[in-house]
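Novice: Structure incoming, see below.
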Amino acid sequence: GAFLYLMAFSAQVFGFGEFALRLSAALFGIGLIPLAFVFGRALFDARVGLVAAALIAFSIWDVEFARYARFYSAFAFFYVLTVLSIWRYRVQSTSVGGGWLCIALALVTITLHDLGYTLTLAFLAPLVLDPRGALREPRRLVFPFGAGFGVGVFFLAWRWWVDYLREVPV
């Protein structure tokens, strides 16, 4: 829904045409390039970040998805942003506000494409990366399982809502 409103706003500003309708997807596709750099640098170092950004910049898939007046580039952008946020705010350091940001980004990602449900497993990454720490402090299990469960429930409710709206006579 929000992506369609971005497209409508662009059409309102620039007129109803190819440029205006494809602008939102193109901006998300372009935004994915520096986001890939930040993600690669956060996980490894600046060289890996540069390689990741270059791979995205020259990727046929990213160029194709950024050309379409569809939500695919926005989905990729928010997916990577969600995983990066989980890495920053749940693995590198623990932040309650950052945890809520991760959940909010995951919910936005789910509204863009059904594959967003796979982010439910990404919330378990801190447990996989440090299983002994979770066993020493059982309270560290609450957020990953709670957030994963909450995002999964949201996905099921979202799918039900979208399917319900498809059946509503217009």
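Novice: Rounded to the nearest whole Å², what accessible area per residue is found for the chain with the 1.4 Å probe?
Specialist: 63
Novice: Between Y5 and S95, what is the FRET efficiency for a Förster distance of 30 Å, r being their Cβ-Cβ separation, to the nearest 0.05?
Specialist: Efficiency at R0 = 30 Å is approximately 0.50.
Novice: Let me ask something additional. When all protein chains stay in place, what accessible area (Å², nearest 10, 1.4 Å probe) is found for D114?
Specialist: About 60 Å², ignoring ligands and nucleic acids.
Novice: Here is a follow-up. Taking only C-alpha pairs under 8 Å that are 6+ residues apart, what is the relative contact order of the range 68-170 in percent?
Specialist: Value for the range 68-170: 25 percent.
Novice: Same structure again: Over the heavy atoms of S93, what accessible area does a 1.4 Å probe trace out, to the nearest 10 Å²?
Specialist: Counting only protein heavy atoms, S93 exposes about 60 Å² to solvent.
Novice: Report, in order of residue number, the helices in the chain meeting two criteria: a C-alpha extent of 24 Å or more along the helix axis, and a mean Kyte-Doolittle hydropathy of at least 1.6; treat each whole DSSP H run as one helix.
Specialist: Correct list, ordered by number: 96-112.
Novice: Let me ask something additional. Output the relative contact order of the range 16-127, whole-number percent, from Cα pairs under 8 angstrom with separation of 6+ residues.
Specialist: Contact order relative to length: 25 percent.
Novice: A follow-up question, please. Taking the structure as given and computing Cα extents along the principal axes in Å, which label from [x] 82, 46, 27; [y] 59, 48, 25; [z] 57, 33, 25 fits?
Specialist: The value computed from this structure is option [y].
Novice: Another question, if that's okay. Using a simple charge model, +1 on the beta-carbon of Lys and Arg, -1 on the beta-carbon of Asp and Glu, nothing else, what dipole does the range 1-139 show about its Cα centre, in debye to the nearest 20?
Specialist: Rounded to the nearest 20 debye, it is 320 debye.
Novice: Considering only the other residues whose Cβ falls under 14 Å of the Cβ of R159, what net charge follows from Lys and Arg at +1 and Asp and Glu at -1?
Specialist: That sum, taken over residues with Cβ under 14 Å, equals -2.
The values are calculated or read from the model by the stated rules, or taken from the named source; none is laboratory data. Note that the coordinates shown come from a computational prediction; the quantities given were computed from them, not determined experimentally. Don't worry about glycine lacking a Cβ; one is built from the backbone with ideal geometry, like all the others, and counts go over all protein chains shown. These accessible areas exclude ligands, DNA and RNA; they are computed on the full protein's heavy atoms, side chains included. Shrake-Rupley method; radii C 1.70, N 1.55, O 1.52, S 1.80 Å.
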